[in-house]
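Single-structure report; data block below.
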Amino acid sequence: MGKLALAAKITHVPSMYLSELPGPQNGCRQAAIDGHYEIGRRCRELNVDTIVVFDSHWLVNSAFHINCGEHFQGIYTSNELPHFIKDMSFEYDGNPEFGQLMQEEISKTGIRVQAHNIKSLELEYGTLVPMRYMNQDKKFKVVSVSAFLTSHELEDSRKFGEGLLKAIEKYDGTVAVFASGSLSHRFIWDREVSRGMDSYTREWDRQVDKHVVGMWKNAQWPEFIAMLPEYAEYCYGEGGMHDTAMLLGLLGWDQYDKPVEIITDAFPSSGTGQINAIFPVE
Ligand SMILES: [Fe+2]
């Protein structure tokens, strides 16, 4: 019987990569990077063998998709932000066996889901950035999930999370699950780019994010779930906030009752709201 050892909502901002390099952004995202190191350390402590990432940069227009390739290796440049992430090398092992199990169990919830082991199906940076800080030594196998869903209901992403829990229970191993996406996501207007580097685009989003983080700290899950569709809509949720819906589906939806543990305090980046927060499991 497998185990869900750790669940978290995590940032993946490309300025973490810039933060490593010499230049004006050097050091600017150290707190976020340290948060990833800490989450990686906890995964090691809990004997995690596989990490599942809900990647809000993997856009799909139809069905749910799982990238469970055997091995991922290459040099990545973001086509969204090539001036932020350029020539970033990566190498991780995948877990095709667990990806297949995910497909079997998640499809029982009634949603359309496909697992893929295709050499040319590449990872997006919602997966690659966190793995850079948590998994440099290839300790963990990586399975990536499409979470930029253009035609999908949040209720179906909840089912994805519920099915994933069943797959973990049938798996012979220990799994961590990350929702890799932002809080609010009104990306900074291009003409105001320098202002946006370390501030929110709109005060509205800053205030709502602050309120939401307070709800998470107080375990107000039924209320948060009730506002999730409007939060995603009015605060430009990254990928429609499907990563968050999947995470809460995994954890029991409105029956989830634990306060989050903040690993990196909420911070703005390119106008958007970001956080590293562990969602405690039994
Ligand atoms: Fe993003």
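What follows is calculated from the coordinates using simple rules that are stated; it is not laboratory data. In this text the structure is predicted, and so the values were computed from the model without any measurement. When we count neighbours, we look across all protein chains shown, and the Cβ atoms used for this are built from the backbone with ideal geometry, even at glycine.
With the requirement that a residue be more than 13 Å from His185 (Cβ to Cβ), out of contact with any helix residue (DSSP H, G or I) (no Cβ under 6 Å at 6 or more places or on another chain) and away from the ligand (no atom under 16 Å from the Cβ), what does segment 230-249 give you?
Glu230, Leu248
Within segment 257-266, is there a residue that is under 25 Å from Thr127 (Cβ atoms) and within 16 Å of the ligand (Cβ to nearest atom)?
The answer is yes; a qualifying residue exists.
Got at least one residue in segment 201-219 being more than 25 Å from Ser144 (Cβ to Cβ), part of a helix (DSSP H, G or I) and within 16 Å of the ligand (Cβ to nearest atom)?
yes
Kindly provide the set of residues from segment 1-26 that are within 16 Å of the ligand (Cβ to nearest atom) and charged (D, E, K, R), ordered by number.
Across segment 1-26, the qualifying residue is only Lys9.
What do you reckon, is Asp254 of a type in the set (Asp, Glu), in a helix (DSSP H, G or I) and in contact (Cβ under 8 Å) with a residue 60 or more places away in the chain?
In short, no.
So which residues in segment 2-43 are surrounded by fewer than 21 Cβ atoms within 10 Å (Cβ to Cβ) and either within 14 Å of the chain's Cα centre (by Cα) or on the phi > 0 side of the Ramachandran plot (or both), if there are any at all?
Selection gives Gly23, Gly27.
Which of (1) of a type in the set (Ser, Thr, Tyr); (2) in a loop (DSSP other than H, G, I, E, B); (3) touching a Ser or Thr at 6+ places or on another chain (Cβ under 8 Å) does Ser56 not meet, given it meets every other one?
(2)
If we keep just the residues of segment 49-66 that are crowded, with 24+ Cβ neighbours inside 10 Å and among the hydroxyl-bearing types (Ser, Thr, Tyr), which is nearest to the ligand (Cβ to nearest atom)?
Only one residue tops the list, namely Ser56.
For segment 177-192, which positions are away from the ligand (no atom under 16 Å from the Cβ) and either over 22 Å from Asp55 (Cα atoms) or hydroxyl-bearing (Ser, Thr, Tyr) (or both)?
Hits for segment 177-192 are Trp189, Asp190, Arg191, Glu192.
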